[in-house]
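The values are calculated or read from the model by the stated rules, or taken from the named source; none is laboratory data. Quick caveat, the model's predicted, so the values are computed rather than measured. Cβ coordinates were reconstructed from backbone atoms using ideal geometry, including for glycine residues, and neighbour counts include every protein chain displayed.
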Amino acid sequence: MSKIFVDACFRKETPYTPVWMMRQAGRYLPEYMEVRAKAGNFLNLCHNPEFAAEVTIQPLDIVGVDAAILFSDILVVPNEMGMKLDFLKGEGPVFDKPIKTEEDLDALIGGEEAANKLTYVYETIKILKQRLPQDKALIGFTGAPWTLATYMIEGQGTKTYNLCKKMMYSNPEFLHKILRRVTDVVKFYMEKQIEAGVDVVQIFDSWAAAIEPSKYDEFSWKYMVEIAEYLKEKYPHIPIIMFPKGIASFIERGLVYGNFDVFGVDWGTPMALAKEKLGEKYVLQGNMEPCRLYSKEATTMCVEAIQNIMGGSGHIFNLGHGILPDVPVENAIHFVKECQRVSKKA
Ligand code: CP3
């Protein structure tokens, strides 16, 4: 049975434009909070394939999206490379020993050995392949090397990225060494997700906007493209989605390149601009401003506007970044229904 989401990634005709939401499995769902409480905490949830599979499926049943995204976190990768990770209440992720020196980097596990430690992720995928309806796609994912490196260097989320940027301008060779190590793990990690059964993969470069445009290719995009091209060569039937957040000027100047299928448009990039610059080469995903979900009217207006621009082809509906924890579930359901309604073909 063909999957509407996979078909749309390859620009095939579909009965309507499929829709999913970044961070669709999460705290806005009371059912998620219940499973997280059973697991004890967020990391335990990621480590338990039975629970992780359960929360992966929740948004399909509750919200009606057309694809499931594997429940995990981008930070399990540096965690399994040997960096101790905690999620602190109200503060988010924290690594106890961020990378400062060559010795710190050398101490980390690399390549296939690190990817082999993520067994709980592959186990979750195998469970999901059994449980997901045949017509729904499963999206695997990774953080982009740059976005992962920001946490590995800063030790936590940051507003200024000063440690990463100090390295970028005063010791770029070392930053490239870190990015190389992460890229090599991520290639194996994505490959193993595909072997375990994901139908599509997405690379999240959530902190792309921290890099000045003239340096973006050097420190992030080229590594993402390397991963995509490696996977495309081996698995041409698996669509690849690139999501770099906050790089409208890079798009505008025609600097996006590479062998992948879908470009995820963030909410700060006008869809019309993305279509003009990228729409011929890539299917576009996105891009409603997630805070529109607080208002059903604002949601409907935006869904209609996006539909008018995209015209129901070469498009996948999504938010322009992740859904926030205090969005009413009924508004998320409304968004999904509206996307399916406005794009339905007669
Ligand atoms: O539904 C899905 O999208 C699948 C699951 C998923 C999570 N994180 C679960 C999660 C995915 C795809 C991610 C990716 C992720 N993780 C990114 C890239 C995407 C983005 O939003 O830009 C980033 C930057 C992270 C790192 C991360 N994880 C942070 C900064 C935080 C704390 C902030 C927050 O939202 O609480 C997390 C925790 C996290 N990852 C939660 C979830 C559901 C919340 C944990 C909880 O309290 O239950």
Which one of these does I323 not meet: (1) touching a Ser or Thr at 6+ places or on another chain (Cβ under 7 Å); (2) within 16 Å of the ligand (Cβ to nearest atom); (3) among the aliphatic types (A, V, I, L, M)? (1)
Of all the residues that make up the range 1-52, how many are hydrophobic (A, V, I, L, M, F, W, C), modelled with pLDDT of 95 or more and over 17 Å from the mean Cα position of the chain (by Cα)? 12
Could you figure out which of (1) under 27 Å from G157 (Cα atoms); (2) away from the ligand (no atom under 12 Å from the Cβ) isn't true of V35? (2)
Using beta carbons and a limit of 8 Å, which pairs, at least six apart or on different chains, have the first residue in the range 196-222 and touching a residue at least 12 places away in the same chain (Cβ under 8 Å) and among the charged types (D, E, K, R) and the second one within 14 Å of the ligand (Cβ to nearest atom) and part of a loop (DSSP other than H, G, I, E, B)? D205/A144; D205/K245
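Kindly evaluate M1 against the criterion of being more than 23 Å from I240 (Cβ to Cβ), part of a loop (DSSP other than H, G, I, E, B) and either within 11 Å of the ligand (Cβ to nearest atom) or among the hydrophobic types (A, V, I, L, M, F, W, C) (or both). Please lay out each step first, then the result.
Working: more than 23 Å from I240 (Cβ to Cβ): no; part of a loop (DSSP other than H, G, I, E, B): yes; either within 11 Å of the ligand (Cβ to nearest atom) or among the hydrophobic types (A, V, I, L, M, F, W, C) (or both): yes.
Spelling it out, it is not the case that M1 is more than 23 Å from I240 (Cβ to Cβ), part of a loop (DSSP other than H, G, I, E, B) and either within 11 Å of the ligand (Cβ to nearest atom) or among the hydrophobic types (A, V, I, L, M, F, W, C) (or both).
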Quick check on the range 310-319: of everything there that is within 12 Å of M271 (Cβ to Cβ), in a loop (DSSP other than H, G, I, E, B) and in contact (Cβ under 8 Å) with a residue 60 or more places away in the chain, which residue is nearest to the chain's Cα centre (by Cα)? N318
Single unsatisfied condition, K165 versus (1) crowded, with 18+ Cβ neighbours inside 10 Å; (2) under 29 Å from W20 (Cα atoms): (2)
Let me spell it out: the conditions are (1) of a type outside the set (V, I, T); (2) over 30 Å from A346 (Cβ atoms); (3) in contact with a Phe, Trp or Tyr (Cβ under 8 Å, 6 or more places away or on another chain), and M81 meets all of them except one. Which number is the exception? (3)
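Test E102 against the stated conditions and say whether it is more than 10 Å from the ligand (Cβ to nearest atom), surrounded by 14 or more Cβ atoms within 10 Å (Cβ to Cβ) and farther than 20 Å from C339 by Cβ. Can you show your working first?
On the way: more than 10 Å from the ligand (Cβ to nearest atom): yes; surrounded by 14 or more Cβ atoms within 10 Å (Cβ to Cβ): no; farther than 20 Å from C339 by Cβ: yes.
So E102 does not fit the description; no.
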For residues that are farther than 21 Å from E280 by Cα and away from the ligand (no atom under 16 Å from the Cβ), tally how many sit in the range 224-254. 6
Among the residues in the range 294-306, are any more than 23 Å from I241 (Cα to Cα), among the charged types (D, E, K, R), buried (at least 19 other Cβ atoms within 10 Å of the Cβ) and in contact with a helix residue (DSSP H, G or I) (Cβ under 6 Å, 6 or more places away or on another chain)? no
What do you reckon, is C291 over 20 Å from the mean Cα position of the chain (by Cα) and either of a type in the set (V, I, T) or part of a helix (DSSP H, G or I) (or both)? no
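Going by what's in this entry, would S214 be described as within 28 Å of E103 (Cα to Cα) and either in a loop (DSSP other than H, G, I, E, B) or not basic (K, R) (or both)?
Numbers: within 28 Å of E103 (Cα to Cα): no; either in a loop (DSSP other than H, G, I, E, B) or not basic (K, R) (or both): yes.
No.
Let's see how each residue does on (1) closer than 23 Å to I139 by Cα; (2) at pLDDT 95 or above; (3) in a helix (DSSP H, G or I):
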| site | (1), (2), (3) |
| --- | --- |
| E297 | no, yes, yes |
| N308 | no, yes, yes |
| G322 | yes, yes, no |
| E330 | no, yes, yes |
| E338 | yes, yes, yes |
| K345 | no, no, no |
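If only one of I69, I74 is within 10 Å of the ligand (Cβ to nearest atom) and touching a Gly at 6+ places or on another chain (Cβ under 7 Å), which one is it?
Working: I69 fails: touching a Gly at 6+ places or on another chain (Cβ under 7 Å).
On inspection, the qualifying residue turns out to be I74.
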Please find, within the range 269-312, the residue that is farthest from Q202 (Cα to Cα) out of those that are among the hydroxyl-bearing types (S, T, Y) and in contact with a strand residue (DSSP E or B) (Cβ under 9 Å, 6 or more places away or on another chain). T299
